[in-house]
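Novice: Right, I'll just put the structure down here and ask away after.
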Amino acid sequence: MKEKKMRGFIIAISILIPAVVTILFFAPRLNIGHQLDFLPLLNACVNGTASLVLILGVMAIKKGNKEAHRRWMTTAILLSVVFLVSYVLYHLTHDSTKFGDLNHDGVVSDEEQLTAGAWRYVYYFVLLSHILLSVIIVPLVLITYVRALAEKFDKHRKIARITFPLWLYVTITGVLVYLLIAPYYPT
């Protein structure tokens, strides 16, 4: 019963989050100075911690420790919420950083492209796969979690086998995106 009741919520959240993130890129920025410049590093730390927590959650369930598994996975969801709030706050107050923009003028010149070299392709592949899978992972995580709460463990296990590697990939690539773009943040 819980799963059916949550279906509308899952659909709404799965649409709302990508919509808000998309709107962020067109909305005017709030000018608050440099008070939130620390958020990209925080986001990378939150993503890295989420990666570790996801692995600990899977290890717990493989050892048969359902309670530890539940706590770790709930923590992973909470970390994802912290990441999302932090991400939105940062992008409400900062323009997107362009990969390769060494002089921070918002334009990547031919010379800057040459300096960035093949890393540009690596960065854009990681970024694109991260963005696409982050949209897909939201409903998967919510469905997986709701099935556990509803004690439909056979269905939970089935979808968790898909959700876990994708979610882990999204958290790890979140860290990689930060590491690759960090040299181009204005100082």
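Novice: Using the Cα atoms as the points, what is the convex hull volume per residue of the range 76-159 in Å³?
Specialist: Values: hull volume 9.5 nm³, N = 84.
Given the Cα convex hull of the range 76-159, per-residue volume reads 113 Å³.
Novice: Separate question: Return the equivalent ellipsoid semi-axes of the range 1-136 as a descending list in whole Å, where each equals the square root of 5 times an eigenvalue of the C-alpha gyration tensor. Display every interim value, and only then the final one.
Specialist: Details: eigenvalues 221, 78, 46 Å².
Ellipsoid semi-axes (Å, largest first): 33, 20, 15.
Novice: Set the Förster radius R0 to 35 Å, insert the Cβ-Cβ distance between F153 and C45 as r into 1/(1 + (r/R0)^6), and round the FRET efficiency to 0.05. Numbers along the way, then the final one.
Specialist: Working: r = 32 Å, r/R0 = 0.92.
Here the calculated transfer efficiency is 0.60.
Novice: With a 10 Å cut-off between alpha carbons and a GNM built on the chain, which of H104, H69, H34 moves the most?
Specialist: H34
Novice: If I compute solvent accessible area with a 1.4 Å probe over the protein chains, what percent of it on the chain is carbon and sulfur?
Specialist: C and S fraction of accessible area: 70 percent.
Novice: Then there is this: Per residue, how much accessible area does the chain have with a 1.4 Å probe, in Å²? Could the numbers behind the result be given before it?
Specialist: Details: 11570 Å² over 187 residues.
Counting only protein heavy atoms, the per-residue value for the chain is 62 Å².
Novice: Given a cut-off of 15 Å, what percent of all Cα-Cα pairs of the range 124-187 lie beyond it? The partial results should precede the final answer.
Specialist: Details: 1126 of 2016 pairs.
It works out to 56 percent of all Cα pairs.
Novice: Mind jotting down a quarter of the surface of the convex hull over the alpha carbons of the range 1-66, in square nanometres, one decimal?
Specialist: Values: hull surface 29.6 nm².
Computing the convex hull of the Cα atoms and averaging its projections yields 7.4 nm².
Novice: What figure, in Å² to the nearest 10, do you get for the accessible area of F25 with a 1.4 Å probe and non-protein molecules left out?
Specialist: 90 Å²
Novice: W72 accessible area, nearest 10 Å², 1.4 Å probe?
Specialist: Looks like 90 Å² after rounding.
The values are calculated or read from the model by the stated rules, or taken from the named source; none is laboratory data. Since the model is a prediction, treat every value here as computed from it, not as a measurement. Ideal geometry is used to build each Cβ from the backbone, glycine not excepted, and the neighbour counts take in all protein chains shown. We work out accessible area using only protein heavy atoms, side chains counted, and drop any ligands, DNA or RNA first. Shrake-Rupley method; radii C 1.70, N 1.55, O 1.52, S 1.80 Å.
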